[in-house]
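Remarks on the structure that follows.
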Amino acid sequence: MKTKLLLLLMLSLLMFSCREDIVIDLEEGHPLIGVEGAITDEFKQHEVILSYTADFYHAGDIKMITGARVAVTDGLDTIPYYEQVDQPGHYLTDSVAGKKNTNYTLLVDVPDEDLEGEFKHLYAESRMNDNVEEIDSIVLKTNPLFDGLPLKDTIYMLYPYFQSLPDPSIVYMIHVTEDGVPQNDTLLKASSIPMAGYAGYYVNGPEMLENNMEIPVAMMRSSELFDGEVIRLDLLSIPYDYMMFVFNVKMAMGSNPLLGPPTNVMTNIQPQGMAVGWFYAASVVSKEMSYYKD
């Protein structure tokens, strides 16, 4: 017994006295081209952002891509994107609006860093689906799940009311702003409403409530709201594959790099293996409300 205790003590001393840092040597692949961009039917400037991916230990050192040629075409008209002098790697159109039920192709020529004067040619395709005619209303109300809880704030949920389209392939993505400040301005905060099995239903109407399918799209605290605050909801009709890309990104973030880096996330940027990211086309319908305390 004494021998076993002595051995355990010696092992413990060895374990806690050896404190050498271990650096995992992850294999660094060739940087890929990152593409993030969209075209919508809103009359505004649309943006495409180009950058290179970074390795695991330099994730914060993002190198933007300058000097690229960027355009979007529907086969008849071509819309150029111009690089911004004050924001390298950010390419904007003039104020234009895309058209619903139209196929769009993104064309990107990136300067080849290895061959002077040469370009790498990339493209992506996306269809701008139809969208609802209007959002009838958006409403803030409390959720019964929070009833009886000792909370300092009143928790409100934001509910939209609109007649969805009968096309089951259309997914509705939600963007919410409070007095012009985006509340889900990153992919990790993005929310969407896939209508598989409920296409053609009135969203948050009697039919959906019968199936216990009331759908809130945002949560807000009473302490963060003030009288007269304008809450805006943008309803984007997006392709189903873009929703799956967003889901992929959310699942990949924070993953163990030894089990699969985020470059395994799906992409519609072609040719395969050259780039990551997504280009999408979306139709947008908006509704606003003003919040006033009881």
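Determine, yes or no, whether Asp94 is at negative phi, modelled with pLDDT of 95 or more, surrounded by fewer than 18 Cβ atoms within 10 Å (Cβ to Cβ) and part of a loop (DSSP other than H, G, I, E, B). Yes; evaluated as a whole, the condition is true for this residue. Of Asn204, Asn211, Asn184, all but one fail to be polar (S, T, N, Q), farther than 29 Å from Asn103 by Cα and free of Cβ contacts under 8 Å to residues at least 40 places away in the same chain; the exception is Asn211. Out of Leu209, Leu149, Leu188, Leu140, one residue alone is at pLDDT below 90, aliphatic (A, V, I, L, M), more than 23 Å from the chain's Cα centre (by Cα) and not in a loop (DSSP other than H, G, I, E, B). It is Leu209. For the stretch 262-294, taking the residues that are in a loop (DSSP other than H, G, I, E, B) and buried (at least 17 other Cβ atoms within 10 Å of the Cβ), the one that is modelled with the lowest pLDDT is identified as Val265. The set of residues in the stretch 70-91 that are among the hydrophobic types (A, V, I, L, M, F, W, C) and either part of a loop (DSSP other than H, G, I, E, B) or not assigned by TED's automatic domain parsing to the domain that holds Lys44 (or both) comprises Leu76, Val85.
For the stretch 237-244, does any single residue satisfy the condition of being at pLDDT 80 or above, within 19 Å of Tyr172 (Cα to Cα), part of a helix (DSSP H, G or I) and touching a Phe, Trp or Tyr at 6+ places or on another chain (Cβ under 7 Å)? For the stretch 237-244, residues at pLDDT 80 or above, within 19 Å of Tyr172 (Cα to Cα), part of a helix (DSSP H, G or I) and touching a Phe, Trp or Tyr at 6+ places or on another chain (Cβ under 7 Å): present.
The values are calculated or read from the model by the stated rules, or taken from the named source; none is laboratory data. Since the model is a prediction, treat every value here as computed from it, not as a measurement. We place every Cβ from the backbone using ideal geometry, glycine too, and count neighbours over all the protein chains shown.
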